[in-house]
Amino acid sequence: MQVRIFLISSFILCSTNQVTQAGMPSASLDLTETATLRLESISFFLLILLGSALIFKLLWNVLARDFPKMPVLSYKAALAGTVLWGIMFLFVLTMISGARELLTPGAWKKTGRTYQLVDSEPKQVETPEFSLDERRAKLSDLRSALFMHVASHQGTLPENPEAATFAEEFWIQPGHMNAKYGYIDGQKPSDTSKPLAFEQAIYEDGQQLVLFVDGSIKALPLDKAKELLDGK
């Protein structure tokens, strides 16, 4: 009986939130924000514990009506049983965490209040910065610009990149190095089988794109491209 009176009075005291009137003395504790948060957490935990014990008692006694051999459970016994079950679950979870650490030592790291795998972050697969098709498309833009120059300059190719009438960005290869395409001056539109422009060998796929005077773009191995360009 005394336990019930204590619990009911504690619940009423915690649930009421009255404002102290002016001139009325009041006892209060000046707590820091951290202490206040901890006190609120402990109060919430105790409230959940007491409520769980009450629910456990009610369910047990409802079940005891259909089974006469089951004793009627008091609130103190329900509270003790709830605490006991909580300790047992905590012990089991601690054993699981310990076994996990023993099976995979050093594989878990603490992040806040939880643990996560050290190598849980997905590894990014390294891929080439630009594919061969993207590089071919960029070189074809330079080809179109060169052909436009030929059409507007009486069928002649520019003597050098500085003499071209199109923007300089057409000469820039794909990539963060901002390398410029190589250009072979002195070629004529009739020299269809000769190379006209080529990539600088800055990519790691072992291939080099070469633009020929007839407009074709071929991907050649580095050794063959060097032999064709003859050190240009």
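Each of Ser216, Ser193, Ser43 has its accessible area taken with a 1.4 Å probe; listed largest first, they run Ser193, Ser43, Ser216. Over every Cα atom in region 132-231, the radius of gyration and the widest Cα-Cα span, Dmax, amount to 12.8, 39 Å. Distance between the modelled labels on Ile87 and Glu227, one decimal in nanometres: 8.5 nm (7 Å Cα→Cβ projection). Ligands, DNA and RNA aside, Leu157 has an accessible area near 30 Å² when probed at 1.4 Å. Of the GluC sites (Glu not before Pro) found in region 150-232, the ones in coil according to DSSP and having at most 13 other Cβ atoms within 10 Å of their Cβ are Glu159, Glu204.
Remark: relative contact order (region 132-231) = 19 percent; criterion is Cα-Cα distance under 8 angstrom and separation of 6 or more residues. To the nearest 10, the accessible area of Asp66 is 120 Å² with a 1.4 Å probe.
Computed over protein heavy atoms with a 1.4 Å probe, the accessible surface of region 132-231 works out to 57 Å² per residue. The calculated pair-distance distribution of region 45-116 uses every alpha carbon pair, bins of 10 angstrom beginning at 0, and gives 18, 31, 23, 18, 10, 1 percent.
Calculate the FRET efficiency for Leu49 and Lys69 from the Cβ-Cβ distance with a Förster distance of 25 Å, rounded to the nearest 0.05. Result of the calculation: an efficiency of 0.30.
Close amide H contacts of Val213 (hydrogens built in the peptide plane, cut-off under 5 Å, sequence separation of 5 or more or a different chain): Lys194, Leu196.
The values are calculated or read from the model by the stated rules, or taken from the named source; none is laboratory data. Treat the numbers as computed from the prediction; the structure is a model and nothing was measured. Here Cβ is always computed from backbone atoms with ideal geometry, including for glycine, and neighbour counts include all displayed protein chains. Ligands, DNA and RNA are excluded from the accessible area calculation, which covers all protein heavy atoms including side chains. Shrake-Rupley method; radii C 1.70, N 1.55, O 1.52, S 1.80 Å.
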